[in-house]
């Protein structure tokens, strides 16, 4: 039996990862989440080879009791305070996530953990100096606290590997969306507004460009990285490569839902809303061996989910 800890396992990506891991009966998964941004509703619906512990990974006593009482083989550290507005309104809570990173790594080096997988973010790139954004070529110029924490986290993983030999994989996620995504994020928020025929609000002129990755593609790429021992002590972008402006995204969602919503532009965010995002996802595409789910197909999948009926 392979024992796996997933922190943040009651969140959007974390819960999808847990469900993917549970497809293998040889895995036993412990889910740790403080439920600030996660939800019990996202936990697996069937009993079996998993358990849930409500805990704060940033509190050493909480997470040490879990890691020292289990002989984990692998850790997926996905716990983090997320959401643009939430992270901007609570910068100290964001910075406190550095403690969780340190806790996981210090405990991993003294236990049976073989590799730790870390959910970093496209935000570490800041305002890009080149498009697409390549893992090694593009300088990291983090500015907002969330981006700084992810960048610092990456440095901790690399340093612990150098000092203690802990193996890691850093996933830089680019706008992963799906039916369990909270309304803090653009596609879920736009869908909710469109289905209610409410005005769709966009910060700034809406010409910011983004790419989007359906959660099933994210999970398949990460699971293949896990099972096939890929990207050991490496960093890999996980995201789509087709560019949409936020205006184009709003228009697409209005059309697909048959909504009567109108687009309303709000003043731009003071910081944190980068003008461009597009990963060099060649590593991810090589792992998948296929094209990614495009945005219209992904939105159609979300609309079939009971949450959007």
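The values are calculated or read from the model by the stated rules, or taken from the named source; none is laboratory data. Only a predicted model underlies this, so the values are computations on that prediction, with no experimental measurement involved. Backbone-built Cβ (ideal geometry, glycine too); neighbour counts: all protein chains shown.
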### Query
Looking at (1) closer than 28 Å to residue 151 by Cβ; (2) modelled with pLDDT of 95 or more; (3) surrounded by 20 or more Cβ atoms within 10 Å (Cβ to Cβ), which is the only condition residue 253 fails?
(1)
#### Entry: Meets criteria (surrounded by fewer than 21 Cβ atoms within 10 Å (Cβ to Cβ), in a loop (DSSP other than H, G, I, E, B) and modelled with pLDDT under 95) for residue 180
no
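Of the residues that sit in region 85-121 and are outside any helix (DSSP H, G or I) and under 12 Å from residue 150 (Cα atoms), which one is farthest from the chain's Cα centre (by Cα)?
Ranking the qualifying residues of region 85-121, first place goes to 96.
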### Query
Within the bounds of region 270-281, is there any residue that is within 22 Å of the chain's Cα centre (by Cα) and not in a loop (DSSP other than H, G, I, E, B)?
yes
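Scan 20, 8 and give me the residue that is in contact with a helix residue (DSSP H, G or I) (Cβ under 7 Å, 6 or more places away or on another chain), in the same structural domain as residue 142 (by TED's automatic domain parsing), in contact (Cβ under 8 Å) with a residue 60 or more places away in the chain and surrounded by fewer than 22 Cβ atoms within 10 Å (Cβ to Cβ). Full working, then the answer.
Numbers: 8 fails: surrounded by fewer than 22 Cβ atoms within 10 Å (Cβ to Cβ).
Only one candidate qualifies: 20.
Checking the condition under 21 Å from the mean Cα position of the chain (by Cα) and free of Cβ contacts under 8 Å to residues at least 12 places away in the same chain, which residue from 65, 41, 46 passes?
41
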### Message
Take the residues in region 151-165 that are more than 15 Å from residue 98 (Cβ to Cβ) and out of contact with any strand residue (DSSP E or B) (no Cβ under 9 Å at 6 or more places or on another chain); name whichever of them is surrounded by the most Cβ atoms within 10 Å (Cβ to Cβ).
### Response
164
### Message
For region 136-145, check the following and say yes or no: at least one residue is in contact with a strand residue (DSSP E or B) (Cβ under 9 Å, 6 or more places away or on another chain), surrounded by fewer than 20 Cβ atoms within 10 Å (Cβ to Cβ) and in a helix (DSSP H, G or I).
### Response
no
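Is there a residue being over 28 Å from residue 280 (Cα atoms) and either not assigned by TED's automatic domain parsing to the domain that holds residue 269 or not in a strand (DSSP E or B) (or both) anywhere in region 77-84?
The answer is no; no qualifying residue exists.
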### Task
State yes or no: is residue 264 surrounded by 15 or more Cβ atoms within 10 Å (Cβ to Cβ), modelled with pLDDT of 95 or more and not assigned by TED's automatic domain parsing to the domain that holds residue 120?
no
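A quick yes/no check of all residues on (1) at positive phi; (2) outside the structural domain of residue 191 (by TED's automatic domain parsing); (3) touching a strand residue (DSSP E or B) at 6+ places or on another chain (Cβ under 9 Å); (4) in a loop (DSSP other than H, G, I, E, B):
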| residue | (1), (2), (3), (4) |
| --- | --- |
| 207 | no, no, yes, yes |
| 223 | no, yes, no, no |
| 226 | no, yes, yes, no |
| 229 | yes, yes, yes, yes |
| 249 | no, no, yes, no |
| 255 | no, no, no, no |
| 260 | no, no, no, yes |
